[in-house]
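Have a look at the structure below, then the notes.
Values quoted throughout were computed directly from the atomic coordinates according to the rules given, and no laboratory measurement underlies them. It should be emphasised that the depicted structure is a prediction, and the values quoted were computed from it without experimental measurement. In this analysis, Cβ positions are derived from the backbone assuming ideal geometry, glycine residues included, and neighbour counts consider all displayed protein chains.
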Amino acid sequence: MKRSILAGVLASALAPAALHAQSNNSLRDLTLDEALSAARRANRTLTAEKAHLAAAETAVEQAWSALFPVVTAQGKYTHNYKEANLDFGELLGAYALKNGATPPPSVDAVILKQEQLDGQVNLTVPLIAPAAYPALDAVKKSVRSSEANYQSSEATVLTSVAQTFYLAAAADEVVVSRKSNIDVNSATLENAKTRFAAGTVTKVDLDRAELALVRAQQAELDAEYGRQQAYRALATLIQSNTPFAVRAPDLPSATPEEKLDTALKLRPEFRALILTEESSDAQSRAYGWKWSPQLSAFGMAHIGNYAGFTGDKYNWAVGLQLDWTVFDGGTRDAQRHQAAAQAAEAAARAQVLSDSIRDDLENGRRFLVTKQAALQASMRAVSLAQETLDLVRSQYEAGTVTQVDLLQAQDNLVGAREALAQSRFDVAVADLNLRRTSGTFPARP
């Protein structure tokens, strides 16, 4: 098979898999849809992308935390080197001397407890946080952009799977052609041996026929290696450890006519850029709102195993807190300007991608039409090469043409069949790339 078919699509094969068996009788049939489904489930690149997306989704939880109450609790045990108490009765003894009828109050305040136990709960509730809402909106859109980027990665991987699938199908066709060529050359060699024994041909004709068979056998080995390589690559992409034989779908007979507007809605790359622009714009507004003050409520409750100046073993407090960063050296403005620049960059990149998709759609349609015409030409070439071989063989049997002409006709038929396999591969890949450009491949489950 031509090396151009193998270029590029085998680079993703990083590990060995089960080789394609020689006989298809013991193999399970694998359709393109089954290969794509298997890749969605088990492809290692997509597994890593799913983990990356899951990590990005946690940013929404973090953004919500700025709007939720914060409750902290603390329990503490302290051993102090000694205990200190303040007896207010002794301090007020002078009052008792002036008015003996009224005894001084007995208040014993613990200043320092030797074995001290403390428990405390703090509550902070944001009441007015203007910057938190656009920041939350920015994070949500950023996560949606990450989801679109994951779909883009999935489309890239599945496109590679489909290309390798079509490559394996073409490799099967080439191997069949090479094996058929061996049979033809074997028959030609036997005919040459018979004629040489009868003295109607020379030793040169016999050697030439044998050389053609040797070359055909080597070509079949090369084709088999290419097929094993293609199947190994496909097995790695879909993580399959059981032998299989691909069953390619019918080639498309029509050219899809997707419009640019539809493609822009379906392409995850374009959607990711739009969401990135919106996320950066919301982030810019969030940094702008950081100039405003933030109001929050707080509460505190404390309990211990000692009484303080209040005479109670507990205390609590509630209140309001206003935080306002009046000047920060220009940090907020710098962050706002950076987010605005990122939004402008995403918008510009979206326009570039739109132009690229528009051109790719038109180029893809024309390329598919060209390859479909090439496929028809290849099919006609195979038919003509077969007719030519039959005619030359009859003439060779009649002795009107040389063996060189017969071997050349055989080589032409093999070349025409391999060109037909290449044409089928080209049409399949051209249709695949056009559907990928228009956003209709892969189909969303």
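Checked against a 19 Å cut-off, the cross-linked pairs LYS141/LYS259; LYS113/LYS313; LYS179/LYS371 give Cα-Cα distances beyond that limit for LYS141/LYS259; LYS179/LYS371. Taking Cβ atoms as reference points and 12 Å as the exclusive limit, the residues near GLY308 contribute a net charge of -1, counting Lys and Arg as +1 and Asp and Glu as -1. Relative to the Cα centre, the charge distribution of the stretch 295-445, modelled as +1 at Lys and Arg Cβ and -1 at Asp and Glu Cβ, gives a dipole magnitude of about 400 debye. Between the entries (1) 38.5; (2) 19.7; (3) 37.5, the label attached to mean projected area of the Cα convex hull in nm² calculated for this structure is (1). With Cβ to Cβ distances under 13 Å as the rule, what net charge do the other residues near ILE238 carry (K, R +1; D, E -1)? With Lys, Arg at +1 and Asp, Glu at -1, the net is +3. Comparing ALA373, ASN85, VAL60 along the charge dipole axis of the chain, the residue lying farthest to the positive side is ALA373, per the Cβ-charge model.
Helix screen, the chain: DSSP H segments with Cα axial length of 30 Å or more and mean Kyte-Doolittle hydropathy at least -1.0 are 44-64, 132-198, 203-238, 268-289, 331-398, 403-438.
Remark: the chain carries a charge dipole of roughly 260 debye about the Cα centre, counting +1 on each Lys and Arg Cβ and -1 on each Asp and Glu Cβ. Rounded if a/c is under 1.5, else prolate if a/b is larger than b/c, else oblate: which is the stretch 315-439, with a ≥ b ≥ c the root eigenvalues of its Cα gyration tensor? Note, shape of the stretch 315-439 comes out prolate. Annotation: amide H of VAL201 within the under-5 Å range of PHE196, sequence separation 5 or more or interchain, hydrogens built in the peptide plane. Taking the three principal axes of the alpha carbon atoms in the stretch 311-364, the coordinate ranges are 87, 29, 13 Å, sorted in descending order. Only one residue of ALA245, THR262, VAL161 has its Cα farthest out toward the positive end of the dipole of the chain, where Lys and Arg carry +1 and Asp and Glu -1 on Cβ, and that residue is ALA245.
Using a ≥ b ≥ c from the Cα gyration tensor of the stretch 139-205 (square roots of the eigenvalues), is it rounded, prolate or oblate, where a/c under 1.5 gives rounded and otherwise the larger of a/b and b/c decides, a/b for prolate? Prolate shape, in that a/c is at least 1.5 and a/b is the bigger ratio. Name the shape class, rounded, prolate or oblate, that the alpha-carbon gyration tensor gives for the stretch 199-330, where a ≥ b ≥ c are the square roots of its eigenvalues, rounded holds for a/c under 1.5, and otherwise prolate holds if a/b is larger than b/c and oblate otherwise. Taking the square roots of the gyration eigenvalues as a ≥ b ≥ c, the stretch 199-330 is prolate.
PRO249 sits among other residues whose Cβ lies under 15 Å from its own Cβ, and their net charge, with Lys and Arg +1 and Asp and Glu -1, is -4. Helix-only arithmetic for the chain: the sum of -39500 (n - 2.57) across DSSP H runs with n ≥ 4, divided by the residue total, places the mean residue ellipticity at 222 nm at -22500 deg cm²/dmol. For the chain, the residue among GLY364, ALA409, ALA39 whose Cα projects farthest onto the positive side of the dipole built from Cβ charges is ALA409. When the Gaussian network model of the chain links Cα atoms closer than 10 Å, the mean-square fluctuations of ALA162, ALA84, ALA212 top out at ALA84.
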